[in-house]
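The values are calculated or read from the model by the stated rules, or taken from the named source; none is laboratory data. Bear in mind the structure is a predicted one, so any value in this text is a computation, not a measurement. Reconstructed Cβ throughout: ideal geometry from the backbone, glycine too, with neighbour counts over all protein chains shown. Each accessible area value is taken on the protein alone, full model and side chains, heavy atoms only, with ligands, DNA and RNA left out. Shrake-Rupley method; radii C 1.70, N 1.55, O 1.52, S 1.80 Å.
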Amino acid sequence: MSRWKATWGRSWPVPALVGAIMVSVAACSPELRPLAAVYVDGDGTPHALLRACDEDGRIRGPWLQGRLPTEAPDDATADEAEQDANAPEASAGEASAMAQPWIGWDTAGLHEAADFPLFSPPTAWKAVSRGPQTLRPGYEYELGFADPSDSYVYNGLVTFDAGQLAAVPPGQVLTARGAMTREAFEDAARSAC
């Protein structure tokens, strides 16, 4: 056996190195907490329900993004193309993010957690919308936000499509943990903090 092979295990602690890499990669992803839900009210309007862990009730940069599963450029709607054509000049980073076809809305900064119609975030949030502001068949939606102090600590997130939201029984909300009563969601959100 060569000297190199004999010392490999002692000079390069491979299992420890692999373990350290796995821990550091896991530490980079924010914890997902059950703080976001969607539901349909008695009038048939889809709603967003966001809860905060922050003692001041704040959340960072809430968003709603709907994407077609294939994300092919040919899948962009006419509304998206018109909105993109009317958008102001973007930086290189913003341009690459905008090249991905999605519909919904996006915000920046800190906002107060709220309950509101899904496609009508509070006016004070100054949300930027893109594409049709209605539930579209075939789109997969993601409603979420980040920790107000450090966006790498946790996210509130729920993913759904129009069919899943329509299947939620009256009086219940859809969360990352499935459908539950609103009271159960409120309890889960408090426990998550």
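What to note about this one:
- Qualifying residue in segment 148-162 (condition: of a type in the set (Gly, Ala, Ser), at pLDDT below 95 and under 18 Å from the mean Cα position of the chain (by Cα)): yes
- Residue match in segment 144-152 (condition: exposed (fewer than 14 other Cβ atoms within 10 Å of the Cβ), in contact with a helix residue (DSSP H, G or I) (Cβ under 8 Å, 6 or more places away or on another chain) and within 17 Å of ALA52 (Cα to Cα)): yes
- In segment 181-193, the qualifying residues are those that are free of Cβ contacts under 8 Å to residues at least 12 places away in the same chain and under 14 Å from TYR39 (Cα atoms), and the one that is most open to solvent (accessible area, probe 1.4 Å) is GLU183.
- Residues that are open to solvent by less than 20 Å² (accessible area, probe 1.4 Å), more than 24 Å from ASP54 (Cα to Cα) and not in a strand (DSSP E or B) within segment 103-143 comprise GLY131, PRO132, TYR139, listed in sequence order.
- Among the residues listed as GLY66, GLY44, the single one being in a loop (DSSP other than H, G, I, E, B) and either under 20 Å from GLY178 (Cα atoms) or touching a His at 6+ places or on another chain (Cβ under 8 Å) (or both): GLY44
- Within segment 153-162, being open to solvent by 50 Å² or more (accessible area, probe 1.4 Å), in contact with a Pro (Cβ under 9 Å, 6 or more places away or on another chain) and of a type outside the set (A, V, I, L, M, F, W, C) holds for one residue alone: ASP161.
The rows are residues; the columns are (1) under 19 Å from ALA162 (Cβ atoms); (2) at pLDDT below 95.
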{"site": "ARG67", "(1), (2)": "yes, no"}
{"site": "ALA90", "(1), (2)": "no, yes"}
{"site": "TRP102", "(1), (2)": "yes, yes"}
{"site": "LEU110", "(1), (2)": "no, no"}
{"site": "LEU118", "(1), (2)": "yes, no"}
{"site": "ALA124", "(1), (2)": "no, no"}
{"site": "VAL128", "(1), (2)": "no, no"}
{"site": "GLY131", "(1), (2)": "yes, no"}
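- A single member of ASP79, ASP84, ASP74, ASP43 is more than 18 Å from the chain's Cα centre (by Cα), modelled with pLDDT of 90 or more, surrounded by fewer than 20 Cβ atoms within 10 Å (Cβ to Cβ) and not aromatic (Phe, Trp, Tyr), and it is ASP43.
- Pairs linking a residue in segment 29-46 that is farther than 22 Å from ARG58 by Cβ to a residue that is at pLDDT 95 or above and charged (D, E, K, R), with Cβ atoms under 9 Å and 6 or more positions apart or on different chains, are TYR39/ARG182.
- Complete set of residues in segment 167-181 that are closer than 10 Å to VAL40 by Cβ and in a strand (DSSP E or B): GLN172, VAL173, LEU174
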